[in-house]
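Everything on this sheet refers to the single structure shown next.
The values are calculated or read from the model by the stated rules, or taken from the named source; none is laboratory data. On a predicted model such as this, the values are computed, not experimentally measured, just so you know. As a convention, Cβ positions derive from the backbone with ideal geometry for all residues, glycine included, and neighbour counts pool all protein chains shown. Each accessible area value is taken on the protein alone, full model and side chains, heavy atoms only, with ligands, DNA and RNA left out. Shrake-Rupley method; radii C 1.70, N 1.55, O 1.52, S 1.80 Å.
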Amino acid sequence: FCTDGSAGPQGFKIGIVIVTPSNHRIEKVLKLKFYATNNKTEYEGILHDLDPALTLGAEELTVYVDSLLVANHYNKTFRTTGKMVDYAALVEDKMKNFKHATITYLPQQENRHCCHAERQ
């Protein structure tokens, strides 16, 4: 799946797209009812989509994010600090429910599946 978080004048949103192996798309946009930075919205997007992926029976998962920071936190390339520590720990814990799971950085302009939350 891919996730796209947005924090701006229109509020705080996350857009999520699950693409199944048979190329079926499930899309949703959620408006957060609390203040969130762009990085928090990216983490919220991941967390909101892990349970549905498990419910759909996914055993392997690739999460595409347009946040290099979030991808590098998960891959341990960047050290997680401050308020992101709790988010990173929650994501890491939930990702353990899959046989194989990765988070990959994919710039927004290269992500053909992403719904771009800020446009919704």
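Just for the range 57-78: of the residues that are within 14 Å of H100 (Cβ to Cβ) and charged (D, E, K, R), which one is most open to solvent (accessible area, probe 1.4 Å)?
Looking at the filtered set, the residue picked out is E60.
Keeping to the range 35-83, report how many residues are in a loop (DSSP other than H, G, I, E, B) and farther than 17 Å from T104 by Cβ. Quick ask: steps written out before the conclusion?
Here is the first cut: in the range 35-83, the ones in a loop (DSSP other than H, G, I, E, B) are 35-37, 56-59, 66-67, 75-83.
Pick out the ones that are also farther than 17 Å from T104 by Cβ and you get 35-37, 56-57, 59, 79-83.
Residues that pass the stated criteria total 11.
In the range 37-48, what count of residues is obtained for those that are at pLDDT 85 or above, more than 12 Å from V65 (Cα to Cα) and either open to solvent by less than 60 Å² (accessible area, probe 1.4 Å) or among the aliphatic types (A, V, I, L, M) (or both)?
So the answer is 2.
Would you say I16 is of a type in the set (A, V, I, L, M, F, W, C), part of a helix (DSSP H, G or I) and buried (at least 18 other Cβ atoms within 10 Å of the Cβ)? I'd like the intermediate steps shown before the answer.
Values: of a type in the set (A, V, I, L, M, F, W, C): yes; part of a helix (DSSP H, G or I): no; buried (at least 18 other Cβ atoms within 10 Å of the Cβ): yes.
In short, no.
Are any of the residues in the range 23-34 β-branched (V, I, T), over 15 Å from Y105 (Cβ atoms) and either free of Cβ contacts under 8 Å to residues at least 12 places away in the same chain or loosely packed, with under 15 Cβ neighbours inside 10 Å (or both)? Talk me through it step by step, then tell me what you get.
From the range 23-34, those β-branched (V, I, T) are 26, 29; that's our starting set.
Then drop every residue that is not over 15 Å from Y105 (Cβ atoms), which leaves 26, 29.
If we keep only those that are either free of Cβ contacts under 8 Å to residues at least 12 places away in the same chain or loosely packed, with under 15 Cβ neighbours inside 10 Å (or both) too, we end up with 26.
Yes, the range 23-34 contains a residue that is β-branched (V, I, T), over 15 Å from Y105 (Cβ atoms) and either free of Cβ contacts under 8 Å to residues at least 12 places away in the same chain or loosely packed, with under 15 Cβ neighbours inside 10 Å (or both).
Just to be sure I understand, how many residues within the range 82-120 are of a type in the set (S, T, N, Q) and at pLDDT below 85?
4
Mind counting the residues in the range 62-112 that are farther than 27 Å from T20 by Cβ and hydroxyl-bearing (S, T, Y)?
3
Would you please name the residue that is nearest to the chain's Cα centre (by Cα), looking only at residues in the range 19-34 that are part of a strand (DSSP E or B) and of a type in the set (K, R)? So that I can check it myself, show each step before the final result.
Taking the range 19-34 and keeping what is part of a strand (DSSP E or B), we get 19, 25-32.
Still in the running and of a type in the set (K, R): 25, 28, 31.
Working: R25: 16, K28: 12, K31: 14 Å.
In this case the residue turns out to be K28.
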